[in-house]
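Here the structure is laid out as structure tokens; the discussion comes afterwards.
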Number of protein chains: 2
Amino acid sequence: MAARQPVPTVFRQLLGDAGVVEPGDASAAYLAERRGLFADRSVAAVVRPGSTDEVAAVLRQSATDGLAVIPQGGNTGLCGGAAPGTNTEGTIVLSLERLNTIRAVDAENFSLTAEAGCTLSAVQQAAAAVDRLFPLSYAAEADCQIGGNLATNAGGMNVLRYGNARELALGLEVVLADGQVWDGLRALRKDNSGYDLRDLFIGAEGTLGIITAATLRLYPAVRERATCIVGLDDVASAVALFARLRAESGDTITSCELMGRMPLETAIAYAPDCHEPLPAQHPWYLLVELSSSARDGDLARRLERALAESRDGVGDYRIASNADQATDFWRLRNRIPEAQKSAGASIKNDISVPIADMPAFLQAASEAVIARCEGVRICAFGHIGDGNIHFNLTQPAGMEPSVFLAQWERLTQAVHDVVMGFRGSFAAEHGVGQLKPGEVARLKDPVEQSLMRSLKAALDPDNRLNPGKVVPPGPS
Amino acid sequence: MAARQPVPTVFRQLLGDAGVVEPGDASAAYLAERRGLFADRSVAAVVRPGSTDEVAAVLRQSATDGLAVIPQGGNTGLCGGAAPGTNTEGTIVLSLERLNTIRAVDAENFSLTAEAGCTLSAVQQAAAAVDRLFPLSYAAEADCQIGGNLATNAGGMNVLRYGNARELALGLEVVLADGQVWDGLRALRKDNSGYDLRDLFIGAEGTLGIITAATLRLYPAVRERATCIVGLDDVASAVALFARLRAESGDTITSCELMGRMPLETAIAYAPDCHEPLPAQHPWYLLVELSSSARDGDLARRLERALAESRDGVGDYRIASNADQATDFWRLRNRIPEAQKSAGASIKNDISVPIADMPAFLQAASEAVIARCEGVRICAFGHIGDGNIHFNLTQPAGMEPSVFLAQWERLTQAVHDVVMGFRGSFAAEHGVGQLKPGEVARLKDPVEQSLMRSLKAALDPDNRLNPGKVVPPGPS
């Protein structure tokens with residue numbers, strides 16, 4: 001056997017200089033996620049192929065050389081799915097960032113085809129340029145990439161109306177573990193000509209194949225919005241109001257965000273541009289937005305009528321009378337994550353339950369964490385219209401942050417146990433990555449785990465695609 | 001080895017008398033699909049388990065005895081997916097009809113859980129009883145079963161707005177080839193805690209597992225509709241009008257059905273209750289329905305305005321002024337399939353292409369079949385809003401039906417070849433079953449076929465679940 005060349009050299013020969021990131025400072029951003037929670041500098045190379053064919057060539061080379069491959073988009077994920085972990089010798093990071101072409105836009109078919117490395121913002125803009133909406137939207141949209149959005153089945157602010165990333169994908173192009181390319185870039189609304197491969201790759205976090213391009217579903221551009229903030233006595237009233245608003249508004253609700261008094265108060269205290277939205281204080285708030293592509297959907301009037309007729313539990317409300325006021329309402333919601341940091345260390349839970357079970361869940365989960373950590377503050381907010389709440393825990397006032405954070409696993413597991421009692425999800429929006437395979441092993445039905453391992457073995461028999469992510473090791 | 005008992009006796013011991021259908025007249029309906037195209041009387045038994053546990057017991061017994069299993073719902077499919085084919089010795093038919101309980105209805109979560117054997121009508125009614133809509137709807141709804149709807153990813157009249165059966169499923173319960181039960185009955189809008197097993201079983205036509213129950217997505221009940229019929233010069237005008245109406249109507253279009261003059265004329269000539277809908281004749285017609293859960297969506301006015309402002313190609317239109325008139329419009333569309341029979345033998349194509357490509361597809365496909373069969377009449381109608389047209393061919397006037405039908409494969413293949421040129425689907429709505437595995441082998445990317453075989457081998461290694469359906473044999 002000939003002496004092996006260094007891994008970067010092999011890929012430089014394959015991809016040219018532009019295709020390999022120099023070790024050192026240049027590669028640092030690829031080797032750690034942004035908060036520094038998941039990082040490893042022992043990877044063999046960071047490669048940046050410039051086309052689908054080059055991705056395929058990298059995969060073939062990796063198969064030959066027995067290298068594992070970590071696919072990476074914008075590296076904005078919160079569970080370390082795109083970041084190296086530990087023991088990554090014999091592993092390369094494959095960045096999709098150079099595959100950043102919008103290949104086609106078809107306004108009449110309400111679809112476009114984008115390469116994996118296009119930022120979410122770029123996809124939104126390509127849609128807007130033809131008077132269409134690509135509805136996926138969330139805080140990291142300027143940096144995250146559509147390939148990563150699909151690999152993690154990203155959620156965000158408009159799921160209620162338009163679905164997660166999965167529901168927005170019509171077709172995919174995927175490079176498989178052995179370097180074969182599956183061209184599933186179909187722009188069809190109906191296709192029952194075989195198994196649903198598309199949805200298997202979506203949400204698999206790069207463990208079954210590498211998404212290199214996608215054909216996405218577009219919607220008519222939004223022409224009208226109506227935004228309101230509602231003060232509520234309890235969460236049950238929020239659930240009932242949501243159901244009522246869905247019906248009365250002609251299902252034009254695009255967002256329905258719940259905020260507890262605690263996170264709202266934290267945002268107001270922290271951010272000078274955040275103010276009390278209503279004259280009196282309320283235990284819970286709902287931020288509701290309707291939107292429509294019609295020119296005169298009459299949304300504010302519909303909202304006004306539904307709220308005026310609503311029953312017990314609605315304390316007060318305000319409908320934004322102009323775009324600035326709507327921005328004020330949204331700012332309250334959007335400042336919460338940063339404001340929470342100002343209140344001390346926090347432990348975050350990305351969970352979902354059936355919407356109707358949200359009141360019972362919040363009560364049971366709050367009791368569970370308070371029993372384990374006296375003084376812990378519940379900072380609950382998020383997408384109640386999706387049954388997806390960020391059930392975040394802020395440290396007791398005065399406690400040493402490290403003492404609180406040492407309870408991460410214990411408190412998180414307690415919350416997840418309550419979630420499972422409601423047949424909920426312990427990984428609703430942000431995926432599993434390298435953060436939660438242990439919870440998959442602990443909480444998921446063994447039959448489901450075994451199915452996951454069968455699929456992984458079928459599509460990646462040598463376990464070279466993003467190993468250690470998503471799928472827990474099998475029972476020995 | 002002990003002498004083996006007859007197969008029906010084995011299952012009678014397992015399931016009781018109610019669990020096995022007597023051979024002869026009683027079992028005939030299970031052994032052939034309704035048109036008699038796919039039939040076989042050599043199956044070893046027809047079993048009717050009464051619960052998920054009994055389905056699991058049947059699968060375990062079948063594994064032990066090496067029996068293949070054909071799962072069957074309402075047996076209304078058009079591609080023979082649920083019917084026995086040839087060479088079915090050592091095979092049983094497993095009817096889900098006794099699993100017909102609505103297990104739970106949750107109006108606030110907009111969801112319900114139904115067992116596989118519930119008819120689609122029963123599911124619709126359970127939703128309506130709590131002021132909700134289950135939007136899946138098509139001609140066979142009184143007889144087809146929700147398990148079969150999901151196994152075939154059924155489409156129908158409302159796909160445009162609400163999606164196919166796949167988009168309406170939140171969770172599944174599935175019995176696997178070895179008799180293990182996967183309990184994936186989650187009622188969640190967001191769950192990224194593992195691979196998407198749900199969508200793998202949906203549309204797999206019972207070849208990967210047997211769906212025994214499903215948690216389904218509900219919508220607010222419809223309170224208002226507006227229906228119109230539009231005469232058009234050409235299909236390009238229909239495509240442009242559809243895009244315009246989507247935007248102007250606030251995306252409340254629920255149906256958008258295209259009809260050529262030929263099928264419309266056939267329906268009017270055949271059915272005494274069908275009449276010319278517009279004063280003049282037009283080459284093409286569009287039947288459009290808007291619907292909304294709001295009480296005053298003002299849909300007719302929106303429709304009127306969008307049509308009045310529309311540009312070239314819209315010849316004339318009429319908006320239904322009451323429900324009876326809307327029914328008259330729909331009758332024109334719904335009578336076409338039976339009317340077509342009165343015009344002689346027909347060859348049906350269930351295809352889809354991107355919506356914007358429909359004009360070019362219709363022209364190319366028409367030329368392809370006319371070149372092969374002079375005088376053939378194009379009977380094109382269907383869901384243009386989904387890019388899914390029933391591109392049906394009616395025999396030339398005066399030709400012997402059998403002479404025309406002898407060209408089935410030749411003409412169908414010619415149409416499918418045109419479809420593939422537009423990256424379309426040769427099995428858009430009705431699935432593959434035993435009718436089209438040959439076309440899967442002929443037309444699908446070999447990489448995709450190989451992925452399908454890998455998944456089949458991973459989940460059903462002994463090929464005992466609905467063998468011979470969907471997946472073509474591998475290259476030898």
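The values are calculated or read from the model by the stated rules, or taken from the named source; none is laboratory data. Bear in mind the structure is a predicted one, so any value in this text is a computation, not a measurement. Cβ placement follows ideal geometry from the backbone for every residue including glycine, while neighbour counts extend to all protein chains displayed.
For region A:169-183, the set of residues classified as buried (at least 20 other Cβ atoms within 10 Å of the Cβ), facing chain B (nearest Cβ under 8 Å) and either free of Cβ contacts under 8 Å to residues at least 60 places away in the same chain or touching a Leu at 6+ places or on another chain (Cβ under 6 Å) (or both) consists of A:Trp182 only. The condition (being within 12 Å of another protein chain (Cβ to nearest Cβ), β-branched (Val, Ile, Thr) and within 23 Å of B:Gly385 (Cβ to Cβ)) is satisfied by just one residue among A:Thr152, A:Thr113: A:Thr113. Test B:Tyr285 against the stated conditions and say whether it is buried (at least 24 other Cβ atoms within 10 Å of the Cβ) and assigned to a loop (DSSP other than H, G, I, E, B). No: the conditions fail for B:Tyr285. Evaluating B:Ala339 against the criteria (1) out of contact with any strand residue (DSSP E or B) (no Cβ under 6 Å at 6 or more places or on another chain); (2) among the small types (Gly, Ala, Ser); (3) in contact (Cβ under 8 Å) with a residue 40 or more places away in the chain; (4) under 19 Å from B:Val230 (Cβ atoms) leaves one unmet condition, (4).
Among A:Arg186, A:Arg166, which is at the interface with chain B (Cβ under 10 Å from one of its Cβ atoms) and either under 11 Å from the mean Cα position of the chain (by Cα) or part of a helix (DSSP H, G or I) (or both)? Steps first, answer last, please.
Values: A:Arg186 fails: either under 11 Å from the mean Cα position of the chain (by Cα) or part of a helix (DSSP H, G or I) (or both).
Just a single option satisfies the conditions, and that option is A:Arg166.
Entry remark, region B:113-136: residues being out of contact with any Pro (no Cβ under 9 Å at 6 or more places or on another chain), among the aliphatic types (A, V, I, L, M) and surrounded by fewer than 23 Cβ atoms within 10 Å (Cβ to Cβ) number 5 in total. Taking region B:105-119, which residues are without any contact (Cβ under 8 Å) to a residue 40 or more places away in the chain and either assigned to a strand (DSSP E or B) or more than 24 Å from B:Arg189 (Cα to Cα) (or both)? Of everything in region B:105-119, just one residue is without any contact (Cβ under 8 Å) to a residue 40 or more places away in the chain and either assigned to a strand (DSSP E or B) or more than 24 Å from B:Arg189 (Cα to Cα) (or both), namely B:Val105. On the stretch given as region A:436-447, residues that are buried (at least 18 other Cβ atoms within 10 Å of the Cβ) and part of a helix (DSSP H, G or I) total 4. Only residues that are under 20 Å from the mean Cα position of the chain (by Cα) and within 14 Å of chain A (Cβ to nearest Cβ) were counted across region B:322-357, and they come to 7. Condition (residue is in contact with a strand residue (DSSP E or B) (Cβ under 9 Å, 6 or more places away or on another chain), facing another protein chain (nearest Cβ under 9 Å) and either assigned to a helix (DSSP H, G or I) or closer than 30 Å to A:Ala343 by Cα (or both)) applied to region A:252-272: is it met by at least one residue? No, region A:252-272 contains no residue that is in contact with a strand residue (DSSP E or B) (Cβ under 9 Å, 6 or more places away or on another chain), facing another protein chain (nearest Cβ under 9 Å) and either assigned to a helix (DSSP H, G or I) or closer than 30 Å to A:Ala343 by Cα (or both).
Within region B:311-325, does at least one residue satisfy the condition of being modelled with pLDDT of 90 or more, of a type in the set (Ser, Thr, Tyr), crowded, with 21+ Cβ neighbours inside 10 Å and under 16 Å from B:Glu257 (Cβ atoms)? Scanning region B:311-325, I find at least one residue that is modelled with pLDDT of 90 or more, of a type in the set (Ser, Thr, Tyr), crowded, with 21+ Cβ neighbours inside 10 Å and under 16 Å from B:Glu257 (Cβ atoms), so the answer is yes. On the basis of being among the small types (Gly, Ala, Ser), surrounded by 24 or more Cβ atoms within 10 Å (Cβ to Cβ) and in a loop (DSSP other than H, G, I, E, B), does A:Ala139 make the cut? No. Would you check if B:Asn153 is under 14 Å from the mean Cα position of the chain (by Cα), of a type outside the set (Asp, Glu), outside the structural domain of B:Glu289 (by TED's automatic domain parsing) and part of a loop (DSSP other than H, G, I, E, B)? Yes.
Looking for something more than 14 Å from chain B (Cβ to nearest Cβ) and assigned to a helix (DSSP H, G or I) - is there at least one such residue anywhere in region A:387-396? So that I can check it myself, show each step before the final result.
From region A:387-396, those more than 14 Å from chain B (Cβ to nearest Cβ) are A:392-396; that's our starting set.
Those still in the list that are assigned to a helix (DSSP H, G or I) too: none.
No, region A:387-396 contains no residue that is more than 14 Å from chain B (Cβ to nearest Cβ) and assigned to a helix (DSSP H, G or I).
Across region B:199-238, the number of residues qualifying as in contact with a strand residue (DSSP E or B) (Cβ under 9 Å, 6 or more places away or on another chain), assigned to a helix (DSSP H, G or I) and either of a type in the set (A, V, I, L, M, F, W, C) or touching a residue at least 40 places away in the same chain (Cβ under 8 Å) (or both) comes to 4.
Which of the residues belonging to region A:71-88 are farther than 14 Å from A:Val46 by Cβ, surrounded by fewer than 24 Cβ atoms within 10 Å (Cβ to Cβ) and of a type outside the set (Gly, Ala, Ser)? Within region A:71-88, A:Thr76, A:Leu78, A:Thr86, A:Asn87 qualify.
Of all the numbered requirements in (1) under 30 Å from A:Glu304 (Cα atoms); (2) touching a strand residue (DSSP E or B) at 6+ places or on another chain (Cβ under 7 Å); (3) of a type in the set (Lys, Arg), B:Arg301 misses one, and that requirement is (2). Just checking, does region B:279-289 include any residue being within 14 Å of another protein chain (Cβ to nearest Cβ), touching a residue at least 60 places away in the same chain (Cβ under 8 Å), closer than 18 Å to A:Ala294 by Cβ and not β-branched (Val, Ile, Thr)? No, every residue in region B:279-289 fails to be within 14 Å of another protein chain (Cβ to nearest Cβ), touching a residue at least 60 places away in the same chain (Cβ under 8 Å), closer than 18 Å to A:Ala294 by Cβ and not β-branched (Val, Ile, Thr).
Name every residue in region A:1-58 that is basic (Lys, Arg) and at pLDDT 95 or above, in order of residue number. I'd like the intermediate steps shown before the answer.
As a first pass, look at region A:1-58 and keep what is basic (Lys, Arg): A:4, A:12, A:34-35, A:41, A:48.
Listed by number, the residues that qualify are A:Arg12, A:Arg48.
For B:Val93, the criteria (1) under 23 Å from B:Pro437 (Cβ atoms); (2) over 16 Å from the mean Cα position of the chain (by Cα); (3) surrounded by fewer than 24 Cβ atoms within 10 Å (Cβ to Cβ) hold in every case but one, which is (3). Listed conditions (1) of a type in the set (Gly, Ala, Ser); (2) at the interface with chain A (Cβ under 7 Å from one of its Cβ atoms); (3) in contact (Cβ under 8 Å) with a residue 12 or more places away in the chain are all met by B:Ala458, apart from (3). If you go through region B:196-235 and keep only what is under 26 Å from B:Ile389 (Cβ atoms) and either modelled with pLDDT under 95 or charged (D, E, K, R) (or both), you end up with B:Asp199, B:Glu205, B:Arg225, B:Asp233, B:Asp234.
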